[in-house]
1. When the Debye formula is applied to the Cα atoms of the stretch 219-419, each taken as the same point scatterer, what base-10 log of I(q)/I(0) results at q = 0.11, 0.12, 0.19 Å⁻¹?
2. Quick one: what are the phi-derived ³J(HN,Hα) couplings along the stretch 385-391, Karplus 6.51/-1.76/1.60 with θ = phi - 60°, whole Hz, x for glycine and proline?
3. What is the calculated FRET efficiency for residue 195 to residue 34, with r their C-beta to C-beta distance and R₀ = 30 Å, to the nearest 0.05?
4. Given 0.36 nm per residue, what is the gain on full extension from residue 50 to residue 401 after removing their alpha carbon distance, in nm?
5. Assuming R0 = 60 Å, can you tell me the calculated FRET efficiency for the pair residue 339 and residue 176, based on Cβ-Cβ distance, to the nearest 0.05?
6. Using a simple charge model, +1 on the beta-carbon of Lys and Arg, -1 on the beta-carbon of Asp and Glu, nothing else, what dipole does the stretch 335-395 show about its Cα centre, in debye to the nearest 20?
7. Measure off 7 Å from each Cα along the Cα-to-Cβ vector at residue 308 and residue 64, then give the distance between these two points in nanometres to one decimal.
8. List, in the order given, every pair from 304/387; 96/164; 176/203; 23/106; 203/269; 156/370 whose Cα-Cα distance in the structure shown is over 25 Å.
Amino acid sequence: MKKIAVIGLGYVGLPLAVEFGKKQQVVGFDINQARVSELLTGVDSTLEVTPEELKEASFLKFSSAIEDINDCNIYIVTVPTPIDESNAPDLTPLRKASAMLAAVIKPNDVVIYESTVYPGATEEVCIPIIEKASGLKFNVDFFAGYSPERINPGDKVNTLTKIKKITSGSTPGIAKFVDDLYGSIITAGTHSASSIKVAEAAKVIENTQRDLNIAIINEFAKIFNILQIDTQEVLDAAGTKWNFLPFKPGLVGGHCISVDPYYLTHKAKEVGYQPEVILAGRRINDGMGQYTATQLVKAVSKQKIHVDEAKVLVLGFTFKGDCPDVRNTKIVDMVKELKSFNMHVGVYDQWASSEEVKHEYGIELISELKEGYYDAIVLAVDHSDYKNWGEEKIRSLGKEKHVLYDVKHVLKISESDIRL
Ligand SMILES: NC(=O)c1ccc[n+]([C@@H]2O[C@H](COP(=O)([O-])OP(=O)(O)OC[C@H]3O[C@@H](n4cnc5c(N)ncnc54)[C@H](O)[C@@H]3O)[C@@H](O)[C@H]2O)c1
């Protein structure tokens, strides 16, 4: 019987390890001992897996000791693929995981990568590391697959098994093996791509397309704000046409949509093609944090509220609603810009870990909200709680004269003073 090791137990790796762990022996491996410890106590701080689901995965063991994956035969790599300060792919976690696997891989083992990369990364970067350090020959002694993850953290409807999964393998036989493996857990079915590169490219364009779709809506919003037309009303009207795509303006953060396009543009440049549209979209989306701050400052000053030392409450800090993930949140850009106007900014987010926010961004989250205290309130993230609070509760936090800015179009148009 084949034994699986899932390498990296984050948003992607844990749900995968749990699904396989309901059916067969799996070792969930992570270099972060604190993460393994919390999982051993039955807690998942990413909130992707409930304690009950963890219990259901009765064949799943957790470990951060490499000896515990020695007897595995299938290694599924789900480590992060971030970008560096110059927006270039940082493949360090993938390289490190591959080097570690070189020490445990045995003849006939299969390594499957799930991390989002540019086309070619698996075979050009990862496999050579394993080959060199293990002395085993690729496609003779060991094999590879690539199966990108498409989960949407925080989404309790479109979960891992309900999303069709792209699979691929380094030989036709391995492609079939990888496809059957995922077919055993994915109820929505699989799509076997013709090569690893095709599967890598498919994932990266899914997210790039989404990024660009949001970028054009953000550009529309900027134009309509000058024209004093409500963007949502325009979108509602245009959306009555069958082929108008239903995207909304917003802050594009996180470690997928705002990162993956740079993987594709990096590869494009490497092979001599200068991407234009993709990078234009990135520039627009990357500038939206600052833009929203400027929009608020203008609205505050129009209301004759002193911008200097105005008290601003920012509701929400995570990169998306109902999710504790604060990686690459663009709200930090908004907060910085507001502070540059000498405004006093309080950020409240009951979903985010205050330790992580302090550590990563140097921002101390506020834990209590004061009634009648704020000159401006920014509804920055569409957490369900804020939707439930509604206009009345949110406005009760503001002074008699205040500005309510609905960045995420959570409220009705008449309920906020401005929106993106
Ligand atoms: N989160 C998403 O929504 C999502 C969706 C689809 C695809 N992806 C892609 O999946 C990959 C993983 O993303 P994530 O959100 O799960 O990341 P994550 O940061 O939540 O989890 C990654 C885990 O890998 C561990 N890790 C890092 N290096 C390791 C190593 N060498 N050995 C073992 N463990 C290691 C980390 O400690 C961490 O727990 C990325 O490429 C990402 O782009 C993410």
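Readers should treat all values here as calculations from the given coordinates under stated rules, not as data from a laboratory. It should be emphasised that the depicted structure is a prediction, and the values quoted were computed from it without experimental measurement. Neighbour counts run over all protein chains shown; Cβ positions are idealised from the backbone, glycine included.
1. -0.54, -0.63, -1.45
2. With coefficients 6.51, -1.76 and 1.60, one gets 4, 5, 4, 5, 4, x, 4 Hz.
3. Working: r = 38 Å, r/R0 = 1.26.
The pair residue 195/residue 34 has a calculated efficiency of 0.20.
4. So the extension gain works out to 122.1 nm.
5. That gives a FRET efficiency of 0.60.
6. With only Lys, Arg, Asp and Glu charged at Cβ, the dipole is about 160 debye.
7. So the two model labels end up 5.0 nm from each other.
8. Numbers: 304/387 28 Å; 96/164 29 Å; 176/203 19 Å; 23/106 23 Å; 203/269 19 Å; 156/370 32 Å.
Violating the 25 Å Cα-Cα cut-off are 304/387; 96/164; 156/370.
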